[in-house]
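One structure below.
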Amino acid sequence: MSKAPLSQENYYSTDQDWEYMSVSQYKGFCQCEAKQLAVLNGLYAEDNKEAFLVGNYVHSAFESPEAHQKFLLENEEDLMTKKGTLRAPYVQAEKMVERLERDEMFIFYYQGDKEVIVTGNLYGTDWKGKIDCLNVKDGYFVDIKTTRDVNLKVWSESRNVYVSFVEGYGYYEQMAVYSYLLEQQYGKPFTPYIFAVTKQTPPNIEAISFSSDHLKIALNNVKENLPRIMRVKYGEDYPHACGKCEYCRGNKQLTSFVNADELI
C-alpha cells in the first residue's frame, strides 16, 4: 500500500510517524528506546509543551505573518494571561524574535521557502523532514534553534564527556540527514546552517556552520544505529529502557535491593 502524501496538516500525525523515520524520532530512540516506543504507541506524552510553544512562537514569526497569527490564535489559552497579556516565557520568545529581526546576517540568509517538507530513503528506510528555510537556488538551508545558551555544555553518555549543545542535542545528525535527503530530491548538494537564539536576557544569537567531516561522522552514526532502531520500532527486538528519563522513573518496578554504596 502506498503512503499517504505528507502535508502540513498530517506531518506530525502518529500514522505518518509509523510510516516514516524522522530525526526527532531517531533521537528519541537513541535516548531511550522504551520511552520512544511508548510515545509512538500513544502510551506516553512528554511534558515539554512550554518549550515546544516557545520554539514554535519564534519559528512561526519567520514563516509568515499569517502563520504567526494562526499560531497565536490556536494557542491563545496557553500564551496569554487572564488579563490578556503574554505570559513570561512568550514575552521572552517575542524578545528572541525581535533580536533575530535586528540581525542583518540572519535576514540575509533567511531567504527561501519556509517549512518545506522533504522525504527520501536513507539506508533502506523512508525518512521525512521539515526544513525551516530552504534556498534551492543558492543550495543551502537554515534551521532556527532556540536554546538556553549557545555555550551550553551537554553531557554525552556515549562519549563520557561534555559537548556543545549542537552535538548534545543531535543537530549534527539532523543537518546531515536533511542534507542527504535534499541532495537526493534535488540532485545537488546543500549547505546546512543553524541560527541559534538564546532564552537569556538579552537574547544572544549565533550563526553556526558544519564541516563535511562532522556531517559524514553523523551520517555514519545513523547508519550504525538505524538497523536496531527499526527492529525495535516494528517489534522485532525488545526495547531497552535508559532507567533515567521521566518515562523510566514513572514506570520503574523494583526487583531487588541496591547497596547504599552503589547509589553514586
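The values are calculated or read from the model by the stated rules, or taken from the named source; none is laboratory data. Note that the coordinates shown come from a computational prediction; the quantities given were computed from them, not determined experimentally. Don't worry about glycine lacking a Cβ; one is built from the backbone with ideal geometry, like all the others, and counts go over all protein chains shown. With ligands, DNA and RNA removed, areas are computed over all heavy atoms of the protein, side chains included. Shrake-Rupley method; radii C 1.70, N 1.55, O 1.52, S 1.80 Å.
Residue-wise test of (1) in contact (Cβ under 8 Å) with a residue 24 or more places away in the chain; (2) within 16 Å of the chain's Cα centre (by Cα); (3) over 28 Å from Glu50 (Cα atoms).
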| site | (1), (2), (3) |
| --- | --- |
| Tyr110 | yes, no, no |
| Ile131 | yes, yes, no |
| Leu134 | yes, no, no |
| Ile144 | yes, yes, no |
| Lys153 | no, no, no |
| Tyr193 | yes, yes, no |
| Lys216 | yes, no, yes |
List pairs: first in the range 90-108 and among the hydroxyl-bearing types (Ser, Thr, Tyr), second surrounded by 12 or more Cβ atoms within 10 Å (Cβ to Cβ) and at pLDDT 95 or above, Cβ under 7 Å, 6+ apart or cross-chain? Tyr90/Val54; Tyr90/Tyr57; Tyr90/Leu79
The condition of being in a loop (DSSP other than H, G, I, E, B) and over 30 Å from Ile131 (Cβ atoms) holds, among Gly250, Gly243, only for Gly243
Those residues of the range 96-134 that are farther than 25 Å from Ala207 by Cβ and of a type outside the set (D, E, K, R) come to a total of 8
Could you identify the single residue in Val232, Val163 that is among the hydrophobic types (A, V, I, L, M, F, W, C), more than 19 Å from the chain's Cα centre (by Cα), within 27 Å of Ala34 (Cβ to Cβ) and not in a loop (DSSP other than H, G, I, E, B)? Val232
Would you point out the residue of the range 190-225, among those that are part of a helix (DSSP H, G or I) and either open to solvent by 80 Å² or more (accessible area, probe 1.4 Å) or of a type in the set (Val, Ile, Thr) (or both), that is nearest to Gly124 (Cα to Cα)? Lys223
Positions within the range 37-89 being crowded, with 16+ Cβ neighbours inside 10 Å and assigned to a loop (DSSP other than H, G, I, E, B), in sequence order: Tyr44, Asn75
Set Gly170, Gly124: member being over 19 Å from Phe62 (Cα atoms) and surrounded by fewer than 18 Cβ atoms within 10 Å (Cβ to Cβ): Gly124
In the set Thr146, Thr119, the lone residue that is surrounded by 18 or more Cβ atoms within 10 Å (Cβ to Cβ), hydroxyl-bearing (Ser, Thr, Tyr) and assigned to a strand (DSSP E or B) is Thr146
Is it the case, given these coordinates, that Lys244 is touching a helix residue (DSSP H, G or I) at 6+ places or on another chain (Cβ under 9 Å) and either at pLDDT below 95 or open to solvent by less than 90 Å² (accessible area, probe 1.4 Å) (or both)? no
Within the range 1-21, considering residues that are among the aliphatic types (A, V, I, L, M) and touching a strand residue (DSSP E or B) at 6+ places or on another chain (Cβ under 6 Å), the one farthest from Lys114 (Cα to Cα): Met21
Report whether or not Tyr20 is of a type in the set (Phe, Trp, Tyr) and over 30 Å from Pro203 (Cα atoms). yes
